[in-house]
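**Student:** Starting off with a structure, shown below.
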Protein chains: 2
Amino acid sequence: MLYSVIMAGGTGTRFWPLSRRKNPKQVISLAEGPSLFERTVARLKRLVPPERTYVVTRAELAPTLRALAPQLPRENVIGEPVGRDSAAAVFLGASIIAHKDGQAVILVSAADHLIAPAARFRAAVRKASGLARHGFLVTFGIPPTRPSTAYGYVECGAALPGVAGAFRVRRFHEKPSSRTARRYLRAKRFFWNSGLFVWKAATILDAARRFAPEHFAAISPLGALHGAAGFQASLAAAYRKVNRISIDYAIMEKARNVAMLKADFDWADVGGPLALRRCMKADGAGNIHIGLVDLLDSRDCVAVSGDDRLLALFGCEDLVVIQTPDATLVCPADRAEELKKLVSRLDARSDTAEFL
Amino acid sequence: MLYSVIMAGGTGTRFWPLSRRKNPKQVISLAEGPSLFERTVARLKRLVPPERTYVVTRAELAPTLRALAPQLPRENVIGEPVGRDSAAAVFLGASIIAHKDGQAVILVSAADHLIAPAARFRAAVRKASGLARHGFLVTFGIPPTRPSTAYGYVECGAALPGVAGAFRVRRFHEKPSSRTARRYLRAKRFFWNSGLFVWKAATILDAARRFAPEHFAAISPLGALHGAAGFQASLAAAYRKVNRISIDYAIMEKARNVAMLKADFDWADVGGPLALRRCMKADGAGNIHIGLVDLLDSRDCVAVSGDDRLLALFGCEDLVVIQTPDATLVCPADRAEELKKLVSRLDARSDTAEFL
């Protein structure tokens, strides 16, 4: 049976100041309508029932997510005591699910991706589940539409016989330089690493045992404790023993049974504010604007007034401006993916850390 | 005896959103310390006593200015019922002063200029007064330090014998193109038109009679009415009869008895936000910042947080960003002198006019 684990622990740093630690981008309504987390839960509804849907997040965010998805059993929203990156979160979900169902297949997805149309996504997940049942760790590869330097890439090898769009994975590549990204785009065999995975609980735990034995030793016993009284304390103890490492580094780059399924749905990682360009319609001058904004002689800007103050841009080009009730960000669009640098610096200043 | 008329009716459009109609730039504290109006009054203190100092402003602004300069007699702060540009204001002041003192010499200055050092300014005014007593309309010409397109220029002709730095004026020129401004800078005989004038009340009223007879007919009788009960009503009636015209167009470009005195003091017209570059010290990267501002990888920016919100600029260059409790402006520095365009547009939008 299919289970789902939603990874919802992100701090949304790149979407500051709309996104804050206590109110990260996955839980806020970026344009209008439901938050990214709610959209993610809704997208999975027809694939996986609520009792088989799990959320792994930061402990401080768990109450917010439970309130946004009240249909999920309370204990299915798991709050990590500290962030240990995606490997720990993936193993935690798999351990809990494997304890309930030895044959479980798990869809791992992020809470801050935009995916459409839902029907095509569901069909793709079902196809991936078939591969997963054969023992593959399946990752979705997104056909790149531009030489993005914001994503990691999956380089695929031989096609897997009998499954259209499925390939062996040759290598995972980190975020490339612009030049390398252009080469990847031309070469056709490189795909964006979506962070969307499908695998059997047993397969990923086997891989953990082999490639991340400390993680496996610390985390796999938690499956049997889930739902019991001492769970949070055991979780805290286990997390103290493991390093921060992503699932890509810990497993995907090492395992041999990795398959890539070419995605035929639209996908966007809502990283920074430029993502608004992908989910909103621009005006005639290429500007995206939300709220009380006036744009004169300006083009290709993203301008958000997150309160009832007026935001006026005059003569601006390719600029991101976001104002909120307590903080305003101004940065050129081509720096928007590097916002982590700014946030680190604000964090280090005694008079600005409170704005994160 | 020397009198002073401070022209303080400006709306400060170019300094929006720090400057508002009801709170224009001459009355606000731009960086720290006294407002431009208070600085102007203080600068004149050792030249002209309060009872000989007059202020011409918009009626709605008169109470604010009286509060900022309580040492001035209440009736010396004259509120115009409608704006009629500088010619009407100059003639009004001259008519009132001439009625009191037939030999009066008047220093006309703007409320939004920065001038230093004060002692050198005072000496220059005394020198100009000497020329004025000989029947000249004296304007101060500022030696240009860059090819500014934001100022009008005075082209000087023959030196006036016996007074160092004094010249006949050949012509007044409007704000030039960049190319023309560069030519002016090279030619050495062009000076910035400061809008600082010294003349006898009688001389400027003679010029008004000759070159602006409608203004003269409407306004000169007001001198005798000043301080009496019906003054405001007479003023309103007179102003209904005159056109909007600047003193440059109405008189200076037409009169033959115009002299220019080369200024040997520092002068800046605080037009738009770039003026902050002239009155504040930049950081190592050329940025001017006021308030809670963080500038990362940014240079040559002017960033003002006019409340307790954080303003963060990341990767910006040569940008002006001003945030206030209800409005934020973002524009490249090279467009900052054109802010009137933006303000006109905001004025025309039903949902933004309230922010002016």
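Any read-out appearing in this document is the output of simple, stated calculations on the displayed coordinates, not a laboratory observation. What you are looking at is a predicted structure, and each value in this text was computed from that prediction instead of being measured. Cβ atoms come from the backbone with ideal geometry, glycine included; neighbour counts cover every protein chain shown.
**Student:** Of all beta bridges DSSP finds with both residues in the protein assembly as shown, what is the antiparallel percent, to the nearest 5?
**Tutor:** 45 percent
**Student:** Follow-up. Tell me which residues come under 5 Å, amide H to amide H, from B:Glu317 once H is placed; ignore anything under 5 positions away on its chain.
**Tutor:** The answer is B:Arg299.
**Student:** Check which residues have an amide H placed less than 5 Å from B:Lys241's amide H, if you skip close sequence neighbours.
**Tutor:** For B:Lys241, no residues qualify.
**Student:** With just the Cα atoms defining each centre, how far is the range B:307-356 from the range A:111-184? Give it in Å.
**Tutor:** Each part's Cα centre sits 43 Å from the other's.
**Student:** Residue by residue, what Karplus-based ³J(HN,Hα) values in Hz, rounded to whole numbers, does the range B:38-47 have, using 6.51, -1.76 and 1.60 with θ = phi - 60° and x for Gly and Pro?
**Tutor:** With coefficients 6.51, -1.76 and 1.60, one gets 4, 5, 5, 4, 5, 5, 7, 3, 7, 9 Hz.
**Student:** Return the long-range amide H neighbours of A:Val77 (sequence gap of 5 or more, or a different chain), with a cut-off of under 5 Å between placed amide H atoms.
**Tutor:** Here A:Val55 satisfy the definition.
**Student:** Can I ask one more? Rounded to the nearest Å, what's the spacing between the alpha carbon centres of the range B:206-230 and the range A:185-202? Just the number, please.
**Tutor:** Each part reduced to its Cα centre gives a spacing of 84 Å.
**Student:** What is the mean number of Cβ atoms from other protein chains located within 10 Å of the Cβ atom of each residue in peptide A:323-329, rounded to a whole number?
**Tutor:** Mean partner-chain Cβ count within 10 Å for A:323-329: 6.
**Student:** Separate question: Compute and list, largest first, the equivalent-ellipsoid semi-axes of the range A:2-269 from the alpha carbon gyration tensor, each √(5λ) rounded to a whole angstrom.
**Tutor:** Semi-axes, largest first: 27, 22, 18 Å.
**Student:** What gaps in nm, shortest first, separate B:Thr145 from its twins in the other copies when you place the label 7 Å past Cα toward the beta carbon?
**Tutor:** 5.2
**Student:** Let me ask you something else. Per-residue HN-Hα couplings for the range A:254-259, Karplus 6.51 cos²θ - 1.76 cosθ + 1.60 at θ = phi - 60°, whole Hz, x for Gly and Pro?
**Tutor:** For the range A:254-259, the Karplus-derived couplings read 10, 5, 9, 8, 9, 10 Hz, x marking Gly and Pro.
**Student:** When chain B is modelled as a GNM with alpha-carbon springs shorter than 10 Å, which of B:Ala87, B:Ala238, B:Ala187 fluctuates the most?
**Tutor:** Comparing B:Ala87, B:Ala238, B:Ala187 in a Gaussian network model of chain B, the most mobile one is B:Ala187.
**Student:** Considering only DSSP beta bridges with both partners in chain A, what is the antiparallel share in %, to the nearest 5?
**Tutor:** 50 percent
**Student:** Any idea what angle helix B:231-240 forms with the longest principal axis of chain B, computed on alpha-carbon atoms, 0 to 90 degrees, nearest 10?
**Tutor:** Around 80 degrees separate the two axes.
**Student:** Restricting to Cα pairs below 8 Å that are 6+ residues apart, what does the relative contact order work out to for chain A? Please round to a whole percent.
**Tutor:** Dividing the mean separation by the residue count of chain A yields 20 percent.
**Student:** Let me ask you something else. Averaged across the residues of A:306-312, what count of C-beta atoms belonging to other chains lies within 10 Å of each residue's C-beta? Write out the running numbers ahead of the final one.
**Tutor:** Values: counts 0, 1, 1, 9, 13, 5, 15.
Across A:306-312, the average partner-chain Cβ count within 10 Å equals 6.
**Student:** Something else about it: Sorting B:Tyr151, B:Tyr239 on the 10 Å Cβ count, fewest up front, what's the list?
**Tutor:** Listing B:Tyr151, B:Tyr239 from fewest to most nearby Cβ atoms yields B:Tyr239, B:Tyr151.
**Student:** For B:Ala42, go 7 angstrom from Cα along the Cα-to-Cβ vector, then report the distances to that same point in the other copies in nm, smallest first.
**Tutor:** Shortest to longest, the spacings are 5.9 nm.
**Student:** Now a separate question. Can you give the calculated 222 nm mean residue ellipticity of chain B, where each DSSP H run of n ≥ 4 adds -39,500 (n - 2.57) and the sum is split over every residue, rounded to the nearest 500 deg cm²/dmol? Walk me through the intermediate numbers first.
**Tutor:** Working: 11 runs with 104 residues, N = 356.
Computed ellipticity for chain B at 222 nm equals -8500 deg cm²/dmol.
**Student:** I'd like the Karplus ³J(HN,Hα) series for the range B:146-162: coefficients 6.51, -1.76, 1.60, θ = phi - 60°, whole numbers in Hz, and an x wherever there's a Gly or Pro.
**Tutor:** Each residue of the range B:146-162 in turn: 7, x, 5, 9, 8, 10, x, 10, 10, 9, 9, x, 5, 5, 7, x, x Hz.
**Student:** Please average, across the residues of A:282-294, the number of beta carbons from any other chain that are within 10 Å of each residue's own beta carbon, and give a whole number.
**Tutor:** Mean partner shielding for this stretch: 1.
**Student:** For A:Thr40, A:Thr352, A:Thr149, what ranking results if the residue with the fewest other Cβ atoms within 10 Å of its Cβ goes first?
**Tutor:** A:Thr149, A:Thr352, A:Thr40
**Student:** Let me ask you something else. Pick from A:Ser177, A:Ser305, A:Ser109: which residue has the top mean-square fluctuation in a GNM of chain A where Cα pairs under 10 Å get a spring?
**Tutor:** In this elastic network of chain A, the residue with the biggest mean-square fluctuation among A:Ser177, A:Ser305, A:Ser109 is A:Ser177.
**Student:** If one computes the Cα centroid of the range B:237-289 and of the range B:29-97, what distance in Å separates the two points?
**Tutor:** If we compute the Cα centre of each part, the gap is 16 Å.
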